[in-house]
Amino acid sequence: MMERIALVTGTSSGFGLLTAVKLARLGYRVIATMRNTGSMGPLMDAAARDGVAPLVEVMRLDVTDYESIGIVVSDVLDRYGTIDVLVNNAGFALGGFVEELTMDDWRMQMETNFFGLVAVTKAVLPAMRSRRSGTIVNIGSVSGRIGFPGYAPYAASKFAVEGFSESLRHEMAPMGVKVVIVEPGAYRTPIWSKGLAHIRTSPDSPYGKRLQAVLKYSERAAATAPDPQEVADLVGRLVLSASPRLRYTLGKGSRLTLWGKALLPWRWFEGAIRQALR
Ligand SMILES: NC(=O)c1ccc[n+]([C@@H]2O[C@H](COP(=O)([O-])OP(=O)(O)OC[C@H]3O[C@@H](n4cnc5c(N)ncnc54)[C@H](OP(=O)(O)O)[C@@H]3O)[C@@H](O)[C@H]2O)c1
């Protein structure tokens, strides 16, 4: 029987690392990609602890470098003949208020979280289409359904992932390829410290007070957030599902917040967000 192959982006930490190990534990050969292979230590340690290191193969892939995407995907297809599962996980969260972020900030956020995901997907699609099978899991976010102040570029990038995934699901269903979006709320991963370290503002910013409130809220959410293993376990379950849904929302309060947005009058919902960020 042919080996099942999974390609995961952004596996140096967080969901990507845990998902790579989870898929290896399910018997997949995992092409664990990261933009700096010097950061493979924690992934390989975790894989060794679970006895699956021989199934995890690290390759260098920066999702904003389209040439490297082509090289990695061709190499995997040449060697294994298939990619059964693609997990588009690489991403980061840029914080700051719209007026204070530069256009380069906006572009970098969209290049990584959106165009990178589109480019990796496009590279993998021909092989999945011709075999009439495959599962593409896009790691979106609750921020792809609800915009919060102080995270507009992140929300815009994840809303874009939603629209893209929804359209792609329609396009690929007749070709036997499944497309799924996972929408986590806040989870305890390094994304918070990385993103918060790059927030743009100035000492005399008119948004200073509100930015501090947003940061405090984010720090509180990060500190009390659940174990990210939940997300990796969910990905493990849904790649084995014969007919996965389009969306999987998970995390503390995530579904309740989405219900609130869907059911409450907008003015009330807006008021609740303002209240939470006091
Ligand atoms: N944690 C949460 O609360 C949360 C909630 C909802 C959605 N998400 C989403 O989950 C995904 C994973 O995030 P995480 O929380 O696990 O954070 P994380 O630990 O910071 O992991 C992000 C991964 O993406 C990689 N990455 C960033 N830019 C890249 C690029 N240009 N090319 C390739 N890899 C790149 C990072 O690599 P480096 O180590 O090189 O930076 C890292 O491996 C992201 O898409 C994020 O938006 C996270």
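The values are calculated or read from the model by the stated rules, or taken from the named source; none is laboratory data. For clarity, every value in this text was computed on a predicted model and none was experimentally measured. So basically every Cβ, Gly included, is an ideal-geometry build from the backbone, and we count neighbours across all protein chains shown. Areas reflect the complete protein model, heavy atoms only, side chains present, ligands, DNA and RNA absent. Shrake-Rupley method; radii C 1.70, N 1.55, O 1.52, S 1.80 Å.
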Residue that is crowded, with 22+ Cβ neighbours inside 10 Å and over 19 Å from VAL73 (Cβ atoms), where the choices are LEU61, LEU43, LEU23, LEU7: LEU43
Residue among ALA127, ALA90 that is within 16 Å of the ligand (Cβ to nearest atom) and within 22 Å of ALA24 (Cβ to Cβ): ALA90
Long-range neighbours under 6 Å by Cβ, at least six apart or interchain, first residue of a type in the set (Phe, Trp, Tyr) within region 200-225, second surrounded by 13 or more Cβ atoms within 10 Å (Cβ to Cβ): TYR207/PHE97; TYR217/LEU277
Residues of region 247-260 classified as buried (at least 16 other Cβ atoms within 10 Å of the Cβ) and in a helix (DSSP H, G or I), total: 3
Inter-residue pairs, beta-carbon under 8 Å, first among the charged types (D, E, K, R) and in region 88-107, second more than 14 Å from the ligand (Cβ to nearest atom), 6+ apart: GLU99/TYR207; GLU100/ARG200; GLU100/THR201; GLU100/SER202; GLU100/SER205; GLU100/TYR207; ASP105/GLY96; ASP105/ARG200
Subset of region 197-243 (residues that are of a type in the set (D, E, K, R) and modelled with pLDDT of 95 or more): ASP227, GLU230, ASP233, ARG237
Qualifying positions in region 194-232 - open to solvent by 30 Å² or more (accessible area, probe 1.4 Å), within 19 Å of ALA90 (Cα to Cα) and part of a helix (DSSP H, G or I): LYS194, LEU196, GLN229, GLU230
Residues of region 26-38 that turn out to be open to solvent by less than 20 Å² (accessible area, probe 1.4 Å) and within 16 Å of the ligand (Cβ to nearest atom), as a count: 5
Scan of region 39-79 for residues that are closer than 18 Å to THR112 by Cα, away from the ligand (no atom under 12 Å from the Cβ) and not hydrophobic (A, V, I, L, M, F, W, C), ordered by number: GLU67, GLY70
Filter pass, ARG237 being of a type outside the set (Val, Ile, Thr), open to solvent by 90 Å² or more (accessible area, probe 1.4 Å) and more than 25 Å from the chain's Cα centre (by Cα): no
Every residue from region 161-193 that is open to solvent by 40 Å² or more (accessible area, probe 1.4 Å) and either at pLDDT below 90 or within 13 Å of the ligand (Cβ to nearest atom) (or both): ARG188, PRO190, ILE191, TRP192, SER193
Filter pass, GLY260 being free of Cβ contacts under 8 Å to residues at least 60 places away in the same chain, farther than 20 Å from PRO149 by Cβ and more than 21 Å from the chain's Cα centre (by Cα): no
